[in-house]
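Engineer: Here it is: the structure, laid out below.
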Amino acid sequence: MAAAGLRRLRKALAVAFSRAAAGPAQPGSPEGLTVRRQAQGVRSILLNNPRSRNALSLAMLQSLREDLLHDVKSKELRVIVISAEGPVFCSGHDLKELSSEDDVKYHSQVFELCAEVMTLIQKLPVPVIAKVNGLATAAGCQLVASCDIAVASEKSQFATPGVNIGLFCSTPAVALGRSLPRKVALEMLFTGEPLSAQEALMHGLVSKVVPEDKLEEETMKISHKICKSSKSVLALGKATFYRQMAQDLDTAYKITTQVMADNLTLRDGQEGIEAFIQKRKPVWSHSQDKKK
């Protein structure tokens with residue numbers, strides 16, 4: 001990254017942190033801290049507090065958790081897309097909430113809820129996509145790393161600069177360390193220096209990088225492709241993927257071998273195979289029902 005670009009980003013980071021520390025979060029619009037909409041199987045959750053750089057305050061985390069969990073078992077819900085209003089996707093925690101004015105119990109509550117939301121994303125039965133158009137720092141970078149898929153615009157940048165203000169990004173490191181090569185993650189954590197969108201793509205933090213004017217189109221293209229598959233099959237596959245990733249090779253194969261057999265007992269498992277053989281489109285039930 002050019003020196004001028006780095007200087008501009010450092011200035012943006014400084015502004016983001018200073019504004020986050022300046023006062024409590026103010027809603028970006030009367031609609032609230034997050035805005036939830038759903039159409040054609042795709043739930044869009046918008047972080048909607050641009051004046052506080054979409055900081056993950058306790059209230060923002062509570063609102064995000066509610067939007068993620070809302071009617072999550074519905075067959076109508078097939079994929080979730082998280083995006084943000086304004087030039088900053090998410091600046092991380094609201095530093096005002098982490099001042100000495102609040103006690104350790106409150107601080108722990110903030111971090112515990114954040115960890116709950118991040119792990120919830122991977123436990124949901126539908127894929128979750130981060131649609132990033134701007135700066136994602138600290139817990140905001142953690143949010144991107146925690147999503148199943150991340151599509152970013154070319155102008156997006158990612159950083160964990162907590163070390164520069166005396167608060168090491170230890171919880172973001174959990175997600176980063178599982179998304180990036182160890183040495184790349186540690187360089188980000190030790191220095192606070194950012195990754196460009198292309199660097200994030202190269203190291204595996206994001207799935208795709210597209211021009212800003214193509215971000216919505218590409219994200220919806222992926223979402224609608226996901227919607228063509230069985231929700232029950234995707235739910236089984238997603239849960240199994242994260243489960244086996246935490247195991248050694250032999251255990252991972254033991255788990256997935258059984259899951260493949262279980263998949264075939266699902267109504268949708270058999271429907272997909274029958275449709276393929278009969279050269280027709282499958283008619284999904286999206287249920288966990290077994291084939292009789």
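Engineer: For segment 226-292, what ratio Rg/Rh do Cα atoms give with a Kirkwood hydrodynamic radius?
Structural biologist: 1.03
Engineer: Of all the accessible heavy-atom surface of the chain, with the other protein chains kept in place and a 1.4 Å probe, what percent is carbon and sulfur?
Structural biologist: Using a 1.4 Å probe with all protein chains present, the chain comes out at 55 percent carbon and sulfur.
Engineer: Moving to a separate point now. Roughly speaking, what is the centre-to-centre gap between segment 128-200 and segment 47-98 when only Cα atoms are used, to the nearest Å?
Structural biologist: Their Cα centres are 16 Å away from one another.
Engineer: Taking the Cα centre of the chain as the origin and placing charges on Cβ (Lys, Arg +1; Asp, Glu -1), which of GLY134, VAL233, SER44 is farthest toward the positive end of the dipole?
Structural biologist: So the residue furthest toward the plus end is VAL233.
Engineer: Can you give the charge dipole size of the chain about its Cα centre, rounded to the nearest 20 debye, using +1 on the beta carbon of Lys and Arg and -1 on the beta carbon of Asp and Glu?
Structural biologist: 860
Engineer: Just to be sure I follow: if Rg is taken over the C-alpha atoms of segment 169-245 and Rh is the Kirkwood radius over the same atoms, what is Rg/Rh? Could you put the intermediate results ahead of the total?
Structural biologist: Numbers: Rg = 15.6 Å, Rh = 14.8 Å.
Computed over Cα atoms, the ratio is 1.05.
Engineer: Quick one: P(r) of the chain from all Cα-Cα pairs, 5 Å bins, percents rounded to integers, in order of increasing distance.
Structural biologist: 1, 5, 11, 15, 17, 16, 12, 9, 6, 4, 2, 1, 0, 0
Engineer: A follow-up question, please. Taking amide H positions as placed in the peptide plane 1.01 Å from N, state which residues far from GLU154 in sequence (5 or more) or on other chains have amide H under 5 Å from it.
Structural biologist: VAL210, GLU212
Engineer: Could you give the dipole magnitude of segment 181-273 about its Cα centre, charging the beta-carbon of Lys and Arg +1 and that of Asp and Glu -1, in debye to the nearest 20?
Structural biologist: The dipole magnitude comes to about 360 debye.
Engineer: Helix 267-277 versus the longest principal axis of the chain: what is the Cα-based angle in degrees, 0 to 90, to the nearest 10?
Structural biologist: The two axes meet at around 70 degrees.
Engineer: Specify whether the C-alpha gyration tensor of segment 155-292 places it in the rounded, prolate or oblate class, a ≥ b ≥ c being the square roots of the eigenvalues: rounded for a/c under 1.5, otherwise prolate if a/b is larger than b/c and oblate if not.
Structural biologist: oblate
Engineer: Of LEU77, VAL163, LEU120, whose Cα points farthest to the positive end of the dipole of segment 24-183 (charges on the beta-carbon: +1 Lys, Arg; -1 Asp, Glu; origin at the Cα centre)?
Structural biologist: LEU77
Engineer: What residue among GLU85, GLU97, GLU274 has the largest mean-square fluctuation in a Gaussian network model of the chain, using Cα springs under 10 Å?
Structural biologist: For the chain, modelled as a Gaussian network with Cα springs under 10 Å, the answer is GLU274.
Engineer: Counting only heavy atoms of the protein chains, get the accessible area per residue of the chain (1.4 Å probe) and round it to a whole Å² value.
Structural biologist: Details: 15120 Å² over 292 residues.
With the other protein chains kept in place, the chain gives 52 Å² per residue.
Engineer: Probe radius 1.4 Å, ligands and nucleic acids left out: which of GLU271, GLU116 has the largest accessible area, and how do the rest follow?
Structural biologist: GLU116, GLU271
Engineer: Rounded to two decimals, what ratio of Rg to Rh does segment 73-163 give with C-alpha atoms and a Kirkwood Rh?
Structural biologist: 1.02
Engineer: Another question, then. How high is the relative contact order of segment 175-235, in percent, counting Cα pairs under 8 Å that sit 6 or more residues apart?
Structural biologist: Relative contact order for segment 175-235 comes out at 23 percent.
Engineer: Determine the relative contact order of segment 223-289: mean sequence separation of Cα pairs under 8 Å and six or more apart, normalised by residue count, in whole percent.
Structural biologist: Computed over segment 223-289, the figure is 37 percent.
Engineer: Would you mind calculating the relative contact order of the chain from Cα pairs under 8 angstrom and at least 6 residues apart, reporting the percent as a whole number?
Structural biologist: Numbers: 513 pairs, mean separation 40.9, N = 292.
Relative contact order for the chain comes out at 14 percent.
Engineer: While we're looking at this one, here's another question. Rounded to the nearest 5, what is the percent of antiparallel bridges among the DSSP beta bridges in the chain? Don't skip to the answer; put the middle values down first.
Structural biologist: Numbers: 9 of 30 bridges.
Counting only bridges with both partners in the chain, antiparallel ones make up about 30 percent.
The values are calculated or read from the model by the stated rules, or taken from the named source; none is laboratory data. These numbers were taken from a predicted model, which means no experiment stands behind them. Reconstructed Cβ throughout: ideal geometry from the backbone, glycine too, with neighbour counts over all protein chains shown. Accessible surface is based on the protein model in full, side chains and every heavy atom, while ligands, DNA and RNA are left aside. Shrake-Rupley method; radii C 1.70, N 1.55, O 1.52, S 1.80 Å.
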